[in-house]
Amino acid sequence: MYVGALELDVLLGDVHSLKQKRSVVKPVVAELRRRFEVSAAEAGHQDLHRRSLIGVAVVAADAEHVRDVLAACERLVAGRPELELLSAHHRLVGPEDD
């Protein structure tokens, strides 16, 4: 079993309140969940209205599949015009990491 985690630090465009931030971040998280069948959530910067940390996690039997899914998630977020991807950090844990 392999577990992959992805942290996406994003800057939001024309957002002036936490309510507007939710209206931008929530659909992105929902699309990640629906499209890639991953666990996804806003995992940081909740008190900042122009920044968000989106966390994604995936579990699979094959490490390459985990890498592919996380890369696809990163591409989806990077391709959103209302977001600017500042950084992405990938982690992979497998049986050899005991």
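FYI, it's all coordinate maths here, none of it is from the lab. Everything numeric in this text was worked out from a predicted model, so none of it was measured. Positions of Cβ are backbone-derived with ideal geometry, glycine not excepted, and every protein chain shown enters the neighbour counts.
Listed values, structure above:
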quantity: Output for the stretch 1-43, where each listed residue is part of a helix (DSSP H, G or I) and either in contact with a helix residue (DSSP H, G or I) (Cβ under 8 Å, 6 or more places away or on another chain) or acidic (Asp, Glu) (or both); calculated: 28, 31, 32, 35, 36
quantity: Number of the condition not met by residue 52 [criteria: (1) touching a helix residue (DSSP H, G or I) at 6+ places or on another chain (Cβ under 9 Å); (2) among the polar types (S, T, N, Q); (3) without any contact (Cβ under 8 Å) to a residue 24 or more places away in the chain]; calculated: (3)
quantity: Residue count, the stretch 28-43 (criterion: among the hydrophobic types (A, V, I, L, M, F, W, C) and surrounded by fewer than 18 Cβ atoms within 10 Å (Cβ to Cβ)); calculated: 4
quantity: Subset of the stretch 33-60 (residues that are farther than 12 Å from residue 92 by Cα and either over 12 Å from the mean Cα position of the chain (by Cα) or of a type in the set (S, T, N, Q) (or both)); calculated: 34, 35, 37, 39, 45, 46, 47, 48, 49, 50, 51, 52
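Residue by residue, here is whether (1) crowded, with 17+ Cβ neighbours inside 10 Å; (2) in contact with a strand residue (DSSP E or B) (Cβ under 9 Å, 6 or more places away or on another chain) holds:
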position: 22; (1), (2): no, yes
position: 25; (1), (2): yes, yes
position: 45; (1), (2): yes, yes
position: 66; (1), (2): yes, yes
position: 70; (1), (2): yes, yes
position: 83; (1), (2): yes, yes
position: 96; (1), (2): no, no
